[in-house]
1. What percentage of the solvent-accessible surface of region 20-97, computed with a 1.4 Å probe over protein heavy atoms, is contributed by carbon and sulfur atoms?
2. Grab the beta carbon distance between R21 and F90, set R0 = 30 Å, and tell me the FRET efficiency rounded to 0.05.
3. Would you calculate, for the chain, the mean residue ellipticity at 222 nm contributed by helices, counting each DSSP H stretch of 4 or more residues as -39,500 (n - 2.57) and dividing by all residues, to the nearest 500?
4. Where a ≥ b ≥ c are the square roots of the eigenvalues of the C-alpha gyration tensor, would you call region 57-97 rounded, which needs a/c under 1.5, or, failing that, prolate if a/b is larger than b/c, or oblate?
5. Using the heavy atoms of the protein chains alone and a 1.4 angstrom probe, what is the accessible area of the chain per residue in square angstrom?
6. Could you pull out every residue, at least 5 positions away or on a different chain, whose amide H is within less than 5 Å of the one on S50? Hs are placed 1.01 Å off N in the peptide plane, and Pro or chain starts have none.
7. First check a/c for region 1-90, with a ≥ b ≥ c the square roots of the eigenvalues of its C-alpha gyration tensor; if it is under 1.5, answer rounded, and if not, answer prolate when a/b is larger than b/c or oblate otherwise.
8. Modelling each spin label as a point 7 Å along the Cα-to-Cβ direction, I'd like the M68/R37 distance in nm, to one decimal.
Amino acid sequence: MTYVDGFVAAVPKANKEAYLRTARAGAKMFMAWGATRVVEAKEDEAIVFSWTEYPDKATRDAVQKQMMENPEMGAMQMPFDMGRMIYGGFETLLTTD
(Lines give C-alpha, C1' and ligand atoms only; values in the text may rest on other atoms or scores of the structure.)
Protein backbone atom coordinates (compact mmCIF):
# COMPACT_ATOMS: atom_id res chain seq x y z
CA MET A 1 0.00 0.00 0.00
CA THR A 2 1.35 3.44 -0.91
CA TYR A 3 2.27 6.03 1.70
CA VAL A 4 1.73 9.76 1.11
CA ASP A 5 3.34 12.84 2.70
CA GLY A 6 1.27 15.98 2.16
CA PHE A 7 1.45 19.61 3.13
CA VAL A 8 -0.42 22.87 2.70
CA ALA A 9 1.53 26.13 2.71
CA ALA A 10 0.54 29.78 2.25
CA VAL A 11 3.04 30.88 -0.40
CA PRO A 12 3.17 34.63 -1.06
CA LYS A 13 2.33 35.29 -4.71
CA ALA A 14 5.61 37.17 -5.06
CA ASN A 15 7.47 33.97 -4.08
CA LYS A 16 5.64 31.64 -6.48
CA GLU A 17 8.60 31.16 -8.86
CA ALA A 18 10.99 30.69 -5.92
CA TYR A 19 8.62 28.06 -4.54
CA LEU A 20 8.54 26.22 -7.87
CA ARG A 21 12.36 26.22 -8.08
CA THR A 22 12.58 24.81 -4.55
CA ALA A 23 9.83 22.25 -5.28
CA ARG A 24 11.60 21.04 -8.44
CA ALA A 25 14.92 20.65 -6.61
CA GLY A 26 13.28 18.77 -3.72
CA ALA A 27 11.27 16.53 -6.07
CA LYS A 28 14.43 15.53 -7.91
CA MET A 29 16.03 14.41 -4.65
CA PHE A 30 12.91 12.63 -3.34
CA MET A 31 12.57 10.68 -6.59
CA ALA A 32 16.25 9.71 -6.52
CA TRP A 33 15.83 8.44 -2.96
CA GLY A 34 12.74 6.31 -3.58
CA ALA A 35 9.60 8.43 -3.93
CA THR A 36 7.37 7.29 -6.78
CA ARG A 37 5.67 10.61 -7.56
CA VAL A 38 5.66 14.26 -6.47
CA VAL A 39 2.58 16.40 -7.24
CA GLU A 40 2.52 20.18 -6.93
CA ALA A 41 -0.26 22.75 -7.21
CA LYS A 42 -1.22 24.72 -10.31
CA GLU A 43 0.73 27.87 -11.13
CA ASP A 44 -2.23 30.21 -10.62
CA GLU A 45 -2.87 29.12 -7.02
CA ALA A 46 -1.73 31.10 -3.99
CA ILE A 47 -2.30 28.26 -1.49
CA VAL A 48 -0.50 25.09 -2.52
CA PHE A 49 -1.17 21.47 -1.73
CA SER A 50 1.67 19.14 -2.50
CA TRP A 51 2.17 15.45 -1.87
CA THR A 52 4.86 12.85 -2.37
CA GLU A 53 4.05 9.16 -2.82
CA TYR A 54 6.25 6.28 -1.72
CA PRO A 55 5.76 2.54 -2.22
CA ASP A 56 5.46 2.11 1.57
CA LYS A 57 6.11 3.84 4.92
CA ALA A 58 9.54 2.22 5.33
CA THR A 59 10.74 3.86 2.10
CA ARG A 60 9.23 7.19 3.21
CA ASP A 61 11.03 6.96 6.54
CA ALA A 62 14.33 6.23 4.76
CA VAL A 63 13.82 9.22 2.43
CA GLN A 64 12.95 11.49 5.38
CA LYS A 65 16.17 10.42 7.14
CA GLN A 66 18.22 11.22 4.02
CA MET A 67 16.43 14.56 3.66
CA MET A 68 17.23 15.57 7.23
CA GLU A 69 20.90 14.60 6.82
CA ASN A 70 21.41 16.16 3.37
CA PRO A 71 23.25 19.50 3.47
CA GLU A 72 21.76 20.56 0.12
CA MET A 73 18.24 20.22 1.55
CA GLY A 74 19.31 22.06 4.70
CA ALA A 75 20.64 24.95 2.64
CA MET A 76 17.36 25.47 0.76
CA GLN A 77 15.59 28.71 1.61
CA MET A 78 11.86 28.05 1.83
CA PRO A 79 9.93 30.82 0.01
CA PHE A 80 7.08 30.72 2.52
CA ASP A 81 6.52 30.87 6.28
CA MET A 82 7.28 27.33 7.56
CA GLY A 83 5.36 28.17 10.74
CA ARG A 84 2.17 28.37 8.69
CA MET A 85 2.73 25.03 6.95
CA ILE A 86 0.52 22.04 7.79
CA TYR A 87 1.94 18.61 7.00
CA GLY A 88 1.61 14.95 7.86
CA GLY A 89 2.02 11.41 6.60
CA PHE A 90 -0.85 9.14 5.68
CA GLU A 91 -1.55 5.60 4.54
CA THR A 92 -3.73 5.45 1.44
CA LEU A 93 -7.17 4.06 2.30
CA LEU A 94 -8.81 4.26 -1.12
CA THR A 95 -7.67 5.23 -4.60
CA THR A 96 -9.52 5.16 -7.89
CA ASP A 97 -6.39 5.01 -10.07
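1. Carbon plus sulfur share of accessible area: 57 percent.
2. The computed FRET efficiency comes out at 0.65.
3. -11500 deg cm²/dmol
4. oblate
5. 67
6. Answer set, sorted by chain and number: F7.
7. It comes out prolate by the Cα gyration axes.
8. It works out to 2.8 nm between the two label points.
The values are calculated or read from the model by the stated rules, or taken from the named source; none is laboratory data. Values in this document were obtained by computation on a predicted structure and should not be read as measured data. No Cβ is skipped: glycine too gets one built from the backbone with ideal geometry, and neighbour counts run over all protein chains shown. The protein model used for the area step is the full one, side chains on, heavy atoms only, and it has no ligands, DNA or RNA in it. Shrake-Rupley method; radii C 1.70, N 1.55, O 1.52, S 1.80 Å.
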